Amino acid sequence: MGMFFKLVLFHLAVKAVLTVPGKLSFASYFNDGMVLQKSPQSAQVWGYCSQPGQNVTVTISGQQPVRAFAVDYPNVQGGVWTATLAPQNGPGPVTIEATDGQNKISLSDVLFGDVWICSGQSNMEFTLDMALNASYELADTTKYQNVRVFSATKRTSSKPELDLLQIDEQWSIPTKDTLGHKPWTYFSAVCWLYGKYIYQKLNYPVGLVASSWGGTAIELWSSPDALKQCNIPQKSKRQKKGLSNSQLWNAMMNPFTKMTVKGAIWYQGESNAGKPDTYNCTFPTMIDDWRAKFHASSGTTPDFPFGFVQLAPFRDDPSITTGFPDIRWHQTADVGYVPNYRMKNVFMSVAMDLPDYKSPYGSIHPRDKQDVSRRLALSGLSVAYNMSLGPFQGPQISAFYVDIGFFTVGFGFDNAVEIEVRNKAGFEVCCSVNNQSRCDGTDSVWMETPIVKEKPHLITVSYNGTCSNKYVMGYRYAWRESPCPFKMCALYVKGTDIPFGPIFGLGLLNSKRSKFTENRIPIYVKGIK
């Protein structure tokens, strides 16, 4: 970061708060009107001073002071101090003061609540003024003055930065301008709507920190430590504009690791759809790495909740079966749902039934961010906050029933919720003459199998005529870039708009030796003794 002077302005503040390495000051993202993480976590506050070894005292109005000892930090003028506050129930507002014995600085109108990081590529960057019903959403901001927003500037770095290099929008109270400044600036529609919807249930302050960049692959947001675990080289030619891996992690995420947060939400994957094979490693590993680094730097809960949006549709072409479907599956670490054994305390919003082929921003950018965010908030409140608000995702397959006489496969689902069938299409089986086939197209073909029977916890599909004299080697559901019309995929939770996610499995179905190779679900084959 070197010697620099950074002037940070807060949109609606009476005064500006300066970040000046070498002088007593707060780090860039501490400002008037901000939200700090509430109890049971202890929020961390940090900044700069004239030299290492200095003592800095931090006080919240009316409370016992906290003392911090400044340390040396590479390429930073002066010292860097860090203070861990006592857990605060909030909500505030409070004033926070810091002094080195000679100088004094302060933050005013500080609230304590839950702080969420919002990151990813263009569908997270997509601003509220571009979304459906934008006029209503912008006018509605007056009801949510305790939801505060912050946006980082798109910057890169070849090394991990201690502090942000630039800020687009300092901590702000929501208004038509601070949320709808102009397209592709600030503020993120998904980030805002997620925060708005969880605030409606929490009824205490929420801080939203947007740090995203359109057209970027996950490798840019991953640290070298995370990439190494997936055998991804540090330099990659796949990145846009000649960027190297980890450059956005360095400049746009690593600085936030010194801020205590509640959790993070993520909308990304489109830029990895061309080469999706490593995403089942890079995505869960990135989550693990973010958690570890936030915990080490700020004391944030080591398994903090992490939510994501499963990719929405793109092109109106039912023939496309690669790319987006693979990413959606890999987003769950090839399990099909979250949380799961690999991705604990993770939640998601299924968006594959929300196409917008007429979007003026391109069909890859659907304007309906309300449904996306509402589903994300429902799953987040269920997983991150342990609220019982009803079903937040489809049930899981618990058994298969194969009738080789009638050429049908039954999918039994757990009894958590009932199934609503809106469309008979969407399921396929893999047919092959090879009973060891991997269904990769070399010796197999995927054939559509319509739903012919439905019960509250069971659906039956027919493969009659599609796999004559062949082995049925696998199954999949909604395996298309754009699998269905708007809210008209086959399977939903009954009485809701919650869709099932994609389903996939490989293994020999129509044989006495039926055995699934990519799941542990029991199978019953009718007609074979």
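The values are calculated or read from the model by the stated rules, or taken from the named source; none is laboratory data. On a predicted model such as this, the values are computed, not experimentally measured, just so you know. Cβ atoms come from the backbone with ideal geometry, glycine included; neighbour counts cover every protein chain shown. Note: areas computed on protein heavy atoms with side chains; ligands, DNA, RNA excluded. Shrake-Rupley method; radii C 1.70, N 1.55, O 1.52, S 1.80 Å.
Odds and ends about this structure:
- A cut-off of 5 Å between modelled amide H atoms, ignoring neighbours fewer than 5 places along the same chain, links Leu24 with Ser50.
- Heavy-atom accessible area with a 1.4 Å probe sorts Met252, Met387, largest first, into Met387, Met252.
- Distance from the alpha carbon centroid of region 299-325 to that of region 448-508 works out to 20 angstrom.
- Working from label points 7 Å from Cα in the Cα-to-Cβ sense, the Ser106 to Asn203 distance is 3.2 nm.
- Share of pairwise Cα separations in region 81-190, more than 20 Å, in percent: 54
- Annotation: cysteines of the chain without a disulfide-compatible partner (Cβ-Cβ under 4.7 angstrom) are Cys49.
- The chain - charge dipole about Cα centre, Lys and Arg +1 at Cβ, Asp and Glu -1, debye rounded to 20: 600
- The alpha carbon convex hull volume per residue for region 146-241 rounds to 137 Å³.
- For the pair His295 and Gln234, label points projected 7 Å from Cα toward Cβ lie 2.6 nm apart.
- Spacing of the two label points (7 Å from each Cα toward its C-beta) at Lys176 and Ser363, in nm: 3.4
- Selection from Ser211, Ile287, Ala43, by position along the positive dipole direction of the chain (Cβ): Ile287
- Three-way shape call for region 345-433 based on the alpha-carbon gyration tensor, with the a/c threshold at 1.5: oblate
- Cα-Cα over 19 Å, subset of Lys154/Lys369; Lys369/Lys487; Lys154/Lys358; Lys455/Lys494; Lys38/Lys201; Lys358/Lys424: Lys154/Lys369; Lys154/Lys358; Lys358/Lys424
- Residue-normalised accessible area of the chain, expressed per residue, 1.4 Å probe, Å²: 39
- Accessible area of Asp100 in the full protein assembly, 1.4 Å probe (Å², nearest 10): 30
- Rg and Dmax [Cα atoms of the chain; Å; Rg one decimal, Dmax integer]: 25.2, 88
- Alpha carbon centroid spacing (whole Å) that separates region 250-272 from region 368-443: 29
- Rounded if a/c under 1.5, otherwise prolate or oblate - region 16-160, Cα gyration tensor axes: oblate
- Element breakdown for the chain at a 1.4 angstrom probe: carbon and sulfur atoms account for 51% of the accessible area.
- Enclosed volume per residue, in Å³, of the convex hull spanned by Cα atoms of region 278-376: 115
- Taken as Cα centroids, region 65-93 and region 109-156 sit 26 Å apart, rounded to the nearest whole angstrom.
- With R₀ set to 30 Å, the beta-carbon distance separating Asn89 from Gln51 gives a calculated FRET efficiency near 0.25.
- Ordering Trp192, Trp213 by accessible surface, largest first, gives Trp213, Trp192; the 1.4 Å probe counts only protein heavy atoms, with every chain in place.
- The residue among Phe187, Tyr73, Ser468 whose Cα reaches farthest toward the positive pole of the charge dipole of the chain, with charges on the beta-carbon of Lys, Arg, Asp and Glu, is Ser468.
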